[in-house]
Amino acid sequence: MAVKKILMLAGDFVEDYEIMVPFQMLLMVGHQVDVVCPGKKAGDFVATAIHDFEGFQTYTEKRGHNFTLNADFDKVDTAAYDALVVPGGRAPEYIRLDPRVLEIVKEMAAAGKPIASVCHGQQVLVAAGVLNGRTCTAYPAVRPDVEATGGRWCEVNATFTNACVDGNIVTAPAWPAHPEWIRKFLDVLGTRIEA
């Protein structure tokens, strides 16, 4: 398997499972993952939030773990990366206001590199303008944003466990979709796991 160098965009109150699980799974299969946050450097941390589905009209939110960043945001050169991951949570709603975040996404998309995004992470893809004419899914509250930017909506199943692939873009509605979302992302990356 060819090792891929993957960039992950984070911010304070990124969803705990949506940063921790993909980070660990991608490392587990042998890829390198650099996690960055605007305004922060390697060794700094971001606070995470745990979103849960407990029967209310929307998810609940609790304080999660601290996640230590392992790369400097200001040093990101997209040419050095093979793929991009955008986790959800609170972070996407404000990191999408950072011009360099949008440049990173646009550069990765223009190069046709695999992009995996989950839950509210698609807010960053919307703000970068890379979903026009593309099919994706997201947390249902993000659907109006996806459609307003010219994206086509892939319906979320009842258990939030489905993922959607449109070329190089792999999306999912929330962390319950990790098994399918990450499997499909690995397929797009060309990663083969053999027994």
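The values are calculated or read from the model by the stated rules, or taken from the named source; none is laboratory data. Bear in mind that the values here come from a model prediction, so they are computed numbers and not experimental data. As a convention, Cβ positions derive from the backbone with ideal geometry for all residues, glycine included, and neighbour counts pool all protein chains shown. These area figures cover heavy atoms from the full protein model, side chains too; ligands, DNA and RNA do not enter into them. Shrake-Rupley method; radii C 1.70, N 1.55, O 1.52, S 1.80 Å.
Put a dot 7 Å past the Cα of ARG100, heading toward its Cβ, do the same for ARG183, and the two dots end up 3.8 nm apart.
Can you give me the % of accessible surface on segment 75-195 that is carbon or sulfur? Probe 1.4 Å, all protein chains present, nothing else counted.
52
For LYS62, a cut-off of 27 angstrom between C-alpha atoms picks up these lysines, skipping any fewer than 8 places away in its own chain: LYS40, LYS41. For the chain, the equivalent ellipsoid derived from the alpha-carbon gyration tensor has semi-axes of 21, 19, 18 Å in decreasing order. Checking the a/c ratio against 1.5 first, then a/b against b/c, what shape does the Cα gyration tensor give for segment 100-195? Note, shape of segment 100-195 comes out oblate. Sorted on the mean count of surrounding Cβ atoms within 10 Å across their residues, most packed first, peptides 123-135, 97-109, 71-83 read 123-135, 97-109, 71-83. For ILE50, nonlocal amide neighbours, meaning residues 5 or more places apart or on other chains whose placed amide H falls under 5 Å from its own, are ASP16, LYS62, ARG63, GLY64.
Among the GluC sites (Glu not before Pro) within segment 1-77, those in coil by DSSP and having at most 11 neighbouring Cβ atoms inside 10 Å are GLU54. Within a straight-line Cα-Cα reach of under 18 Å, LYS184 can be paired with the following lysines, leaving aside sequence neighbours fewer than 8 residues apart in one chain: LYS4, LYS5, LYS113.
Pick from THR171, THR48, THR149: which residue has the top mean-square fluctuation in a GNM of the chain where Cα pairs under 10 Å get a spring? Maximum fluctuation in the GNM of the chain, among the listed residues, is at THR149.
Residues with beta-carbon under 10 Å from that of LEU84, excluding LEU84: net charge, scoring Lys, Arg +1 and Asp, Glu -1? Taking every Cβ under 10 Å from that of LEU84, the sum is -1.
Comparing mean-square fluctuations of VAL118, VAL21, VAL36 from a GNM of the chain with C-alpha springs under 10 Å, the top value falls on VAL21. Ranking MET28, MET1, MET20 by solvent-accessible area of protein heavy atoms (1.4 Å probe, all protein chains present), from largest to smallest, gives MET28, MET1, MET20.
At a probe radius of 1.4 angstrom, the accessible area of segment 54-164 per residue rounds to 45 square angstrom. With the cut-off at 1.5 for a/c, could you classify segment 44-134 from its C-alpha gyration tensor as rounded, prolate or oblate? Oblate is the answer for segment 44-134, as a/c is 1.5 or above yet b/c matches or exceeds a/b. Working note: Karplus 6.51/-1.76/1.60 with θ = phi - 60° gives segment 85-95 the couplings 10, 10, x, x, x, 6, 3, x, 5, 10, 5 Hz, where Gly and Pro are set to x. Residue by residue, segment 40-46 carries 3J(HN,Hα) couplings of 10, 10, 3, x, 6, 10, 10 Hz when phi is fed to the Karplus relation 6.51 cos²θ - 1.76 cosθ + 1.60 (θ = phi - 60°); x denotes Gly or Pro. Close amide H pairs (under 5 Å, H built 1.01 Å from N) link CYS154 with CYS136, THR137, residues at least 5 positions away or on another chain. Evaluating 6.51 cos²θ - 1.76 cosθ + 1.60 at θ = phi - 60° for every residue in segment 148-159, the Karplus couplings come out as 5, 8, x, x, 9, 8, 9, 4, 7, 7, 5, 9 Hz, glycine and proline recorded as x. Projecting label points 7 angstrom from Cα along Cα→Cβ for ALA111 and ARG152 puts them 2.8 nm apart. Spread over its residues, the convex hull of the C-alpha atoms of segment 52-97 is 127 Å³ per residue.
For ASN70, the residues 5 or more places off, or on other chains, whose built amide H falls under 5 Å of its own are VAL35, GLY43.
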